[in-house]
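**Q** Structure below; questions to follow.
Rule-based calculations on the coordinates, nothing more; no lab input. On a predicted model such as this, the values are computed, not experimentally measured, just so you know. Here the Cβ positions follow ideal geometry from the backbone for every residue, glycine too, while neighbour counts run over all protein chains shown.
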Amino acid sequence: MIGRLLGWWRKKLEPAPVPDALWDELLIAQPFLAALDDEEKARLRRLTECFLAEKEFTSAGGLELDNAICLSIAAQGCLPILNLGLDYYRGWLGIIVYPDEFIIPRSVEDEFGIVHEYRELASGEAWDGGPLLISWCDAQLAGAGYNVVIHEFAHKLDMLSGEANGVPPLPPEISRAAWQRTLLACFDDFCARVDEAAAKDGETLLDPYGAENPGEFFAVMSEAFFETPDVLQAEYPALYENLAGFYRQDPARRRLALDSACRTVCRPPTV
């Protein structure tokens, strides 16, 4: 059964302001959003309000949808387009939120033309031209390099230029050929690291799901770009620079500025 939320932000000609209390709770819950400076927070808040007025949230699987859930997903989803604009999420309307992981039917045709059907457990799914599906349980794990919301919204951006292959619509200053060279070189290296870690029963610093294909690699690295930018920058500096150029943001610099401010504020007085 699917239920529709009718909240403070119910679809209007003019976006309704997000209540201060809800916004403050969101920033406390998501430190990577709190790391934005005051001007960026104000722009993200306004962008989120516009997003909520434009998109339609529904629930499935018995989830009781509320304003805090919708705000959290909308704000995280708007972070990647903070300096790009809401038009980058054009062409689709709905977001369906499940309480936990959900089942998606799949079908694959093999080399002999035989179609194999199966069911896959998923925490998120982005459909080209269709809705975006999110597990709320997984969405609440955001903050440590795993972000299903940013992951699925990155797929939506990727799909603007065709299939989700890791090449979103690039600005004129970024060569598509240069982007692909960097992406595929980093992808191949990452796949080798994942295989090596698996052989040693170890782990990679970045989510091994990125080794599935270049499209998933782009989405996983986008998660890291916004949540653990220092790790991504250290592991794949060229890829970090490409993502910074596409998203027009520098989360690593933002994190350094926040850490510096914290050290200044938190420094004990001298005697």
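**Q** Go through 234-243, 86-95, 44-53 and give me the packing order, highest mean Cβ count within 10 Å leading.
**A** Top to bottom by mean Cβ count within 10 Å: 44-53, 234-243, 86-95.
**Q** Going by average Cβ neighbours within 10 Å, how do the peptides 129-140, 193-204, 148-159 rank, with the highest at the top? Mind showing how you got there, number by number?
**A** Details: 129-140: 18.3, 193-204: 12.2, 148-159: 24.2.
By packing density, highest mean first, the sequence is 148-159, 129-140, 193-204.
**Q** Can you give me the distance in nm between label points at Leu121 and Leu184, each placed 7 Å from the Cα along the Cα-to-Cβ direction?
**A** 3.5
**Q** How far is it, in nm, from the label point at Ile28 to the one at Glu14 when both lie 7 Å from their Cα along the line to the Cβ?
**A** With each label point 7 Å from Cα toward Cβ, the separation is 3.0 nm.
**Q** Further, regarding this structure: What is the dipole size for the chain, taken about its Cα centre, with +1 at each Lys and Arg Cβ and -1 at each Asp and Glu Cβ, in debye to the nearest 20? The partial results should precede the final answer.
**A** Numbers: 23 positive and 44 negative charges, 227 e Å.
Charge dipole, the chain, about its Cα centre: 1100 debye, nearest 20.
**Q** A follow-up question, please. Can you give me the Cα centroid spacing of segment 226-253 and segment 33-66 in angstrom?
**A** Segment 226-253 and segment 33-66 have Cα centres spaced 23 Å from each other.
**Q** Which percent, nearest 5, of DSSP beta bridges in the chain are antiparallel?
**A** 60
**Q** Still on this structure, I have one more. Hey, could you get me the Stokes-Einstein D for segment 165-271, Kirkwood radius over alpha-carbon pairs, 20 °C and 1.002 mPa s, rounded to whole µm² s⁻¹?
**A** Result for D is 141 µm²/s.
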